[in-house]
1. Is it the case that Ala52 is without any contact (Cβ under 8 Å) to a residue 24 or more places away in the chain, among the small types (Gly, Ala, Ser) and either touching a helix residue (DSSP H, G or I) at 6+ places or on another chain (Cβ under 8 Å) or surrounded by 15 or more Cβ atoms within 10 Å (Cβ to Cβ) (or both)?
2. Select from the stretch 25-48 the residues that are modelled with pLDDT of 90 or more, polar (S, T, N, Q) and assigned to a helix (DSSP H, G or I) and write down the one among them that is surrounded by the most Cβ atoms within 10 Å (Cβ to Cβ).
3. For residues that are assigned to a helix (DSSP H, G or I) and either more than 12 Å from the chain's Cα centre (by Cα) or of a type in the set (D, E, K, R) (or both), scanning just the stretch 55-76, find the one that is surrounded by the fewest Cβ atoms within 10 Å (Cβ to Cβ).
4. So which residues in the stretch 3-23 are modelled with pLDDT of 90 or more and basic (Lys, Arg)?
Amino acid sequence: MAELQEAATKSIEEERRKKEAEATKKALLRATFTPEARQRLSNLKLVKPQLAQQLELTLIQLAQQGRVNVPITDGQLKIMLGKIQSGKREITIRRM
C-alpha cells in the first residue's frame, strides 16, 4: 500500500515539474521571440517538430547568454532557418 502511495506521489511530482518546465519555456519564448517569429515556430512544429524544438532551445540558450539580440524577429528567424536548411541537399526530379 505504501509503495502505491509513493509511486502516485512521484507521478504527481513529475507531472508538476513537467508543467513548470513548460510554463517557463513558454515565458522564455514570449520574451525571446516576436509574435510573428513565434507563429513561424508554431508552423514549423507542425511540419518538423524535432527541428523546431531543437531550434527553440538553442535560441533561448543563446539569448540567455547574450549572444543573440532579443527579441528575435521573423526575418532573423527566416535567415537562421535558411542557414540550417542550406546544409541539406536539394533533390530535383526531372522527367524526360
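The values are calculated or read from the model by the stated rules, or taken from the named source; none is laboratory data. As the structure is a prediction and not an experimental result, all values here were calculated from the model. No Cβ is skipped: glycine too gets one built from the backbone with ideal geometry, and neighbour counts run over all protein chains shown.
1. Considered against the rule, which asks whether it is without any contact (Cβ under 8 Å) to a residue 24 or more places away in the chain, among the small types (Gly, Ala, Ser) and either touching a helix residue (DSSP H, G or I) at 6+ places or on another chain (Cβ under 8 Å) or surrounded by 15 or more Cβ atoms within 10 Å (Cβ to Cβ) (or both), Ala52 comes out as yes.
2. Gln39
3. Gln65
4. Arg16, Arg17, Lys18, Lys19
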